[in-house]
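The block underneath contains the structure these notes are about, expressed in structure tokens.
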Amino acid sequence: MRYAIFSDIYGNRQAWEALLADLDRQEIDMPICLGDVGGYGAGTPEILRSLRARTGNIVLGYFDAAVAGKIDVSIFDEATRQAIEWTRAHLDRESLDYLAGRPLALETGGVLLAHSECVQPNWYRGVPDEEAARANFAATEHQVTFLGHAIEPGMFLLRTDGRIEEMPAEDGMLSEDCRYLVRVGAAGEPASAEDISASYLIYDNRTQEVFFRRVPFNAHAY
């Protein structure tokens with residue numbers, strides 16, 4: 001089965017529409033969203049409707065948890081609080097309840113999928129370094145875990161001798177001798193001003209191949 005795994009759309013309708021158009025060309029069996037449908041962009045209501053029409057596989061993200069009232073917004077800075085409150089005001093009650101009911105993680109096709117981490121998924125700390133990667137490998141027995149909550153895609157791998165390596169986002173086949181934490185990158189926030197694109201990943205669980213995709217979108221319209 002070919003999975004399209006994406007995260008951190010951040011209310012960016014232009015990035016979402018570009019990503020959808022690319023999905024339609026990739027023969028995807030199952031789309032999976034690792035959370036943060038909403039963000040600083042104004043497109044969250046439209047994106048959520050479009051996303052729900054395509055898949056029920058949606059993990060609860062950090063921003064979405066705050067919008068749905070599951071996180072105290074006082075912990076955020078002023079700009080983020082304003083974005084959270086604006087997004088909440090523009091979603092109807094049913095949409096807010098839907099977000100609040102999203103799981104912290106999903107399991108399908110033998111892999112684990114979470115928004116930011118495996119140790120305490122509701123803490124949303126991410127996996128920024130080797131120390132955090134080791135803790136996350138210890139928190140799950142899955143060979144492959146996919147994570148969002150990071151602008152740049154990439155992966156950590158755990159070798160049989162206990163060594164952990166951080167690897168760039170390169171297409172290829174996952175080894176049966178290693179375990180992986182794979183960051184899919186952000187769909188709605190470009191990694192740099194030189195590459196205005198939405199990041200996502202395709203995973204084929206039959207061949208154990210991963211393909212990192214970048215799809216340009218209209219940043220000026222956004």
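The values are calculated or read from the model by the stated rules, or taken from the named source; none is laboratory data. Fair warning: this is a prediction, and the values are worked out from it, not measured in the lab. Note: ideal-geometry Cβ built from the backbone for every residue, glycine included; neighbour counts use all protein chains shown. Heavy atoms of the whole protein, side chains included, go into the accessibility calculation; ligands, DNA and RNA do not. Shrake-Rupley method; radii C 1.70, N 1.55, O 1.52, S 1.80 Å.
Highest GNM mean-square fluctuation among 201, 104, 96, for the chain modelled with Cα contacts below 10 Å: 96.
About its Cα centre, how strong a charge dipole does the chain have in debye, to the nearest 20, once Lys and Arg get +1 and Asp and Glu get -1 at the Cβ?
Details: 20 positive and 35 negative charges, 116 e Å.
It works out to roughly 560 debye.
Which log10 I(q)/I(0) values does the range 138-177 give at q = 0.26, 0.27 Å⁻¹ under the Debye formula, counting every alpha carbon as one identical point scatterer? Per q value, in the given order, log10 I(q)/I(0) is -1.21, -1.28.
Within the full protein context, the accessible area of residue 97 is estimated at about 80 Å² for a probe radius of 1.4 Å.
Roughly what % antiparallel, to the nearest 5, for the DSSP beta bridges in the chain? Before the final figure, lay out each step's value.
Working: 28 of 40 bridges.
The answer is about 70 percent antiparallel.
Comparing 167, 30, 155 in a Gaussian network model of the chain, where Cα atoms under 10 Å apart are tied by springs, the biggest mean-square fluctuation is seen for 167.
Of the GluC sites (Glu not before Pro) found in the range 1-93, the ones in coil according to DSSP and having at most 10 other Cβ atoms within 10 Å of their Cβ are 27.
A quarter of the convex hull surface defined by the alpha-carbon atoms of the range 59-164 gives 7.7 nm² as the mean projection. The residues of the chain have, on average, 46 Å² of accessible surface per residue, using a 1.4 Å probe with all protein chains present.
State the percentage of accessible surface on the chain attributable to carbon and sulfur atoms; use a 1.4 Å probe and exclude ligands, DNA and RNA. Before the final figure, lay out the partial values.
Values: 4840 of 10130 Å².
The computed percentage sits at 48.
Across 162, 56, 43, mean-square fluctuation computed from a Gaussian network of the chain (C-alpha pairs under 10 Å connected) peaks at 162. Sorting the Cα pairs of the chain by distance into bins of 5 Å, from 0 upward, gives 1, 7, 16, 20, 21, 16, 11, 5, 2, 0, 0 percent per bin. Fully extending the segment from residue 46 to residue 152, taken as 0.36 nm per residue of separation minus the present Cα-Cα distance, adds 35.7 nm.
Show 47, 71 ordered by accessible area, largest first, where the area counts protein heavy atoms only and the probe is 1.4 Å. Walk me through the numbers on the way to the answer.
Working: 47 0, 71 30 Å².
The most accessible residue leads, giving 71, 47.
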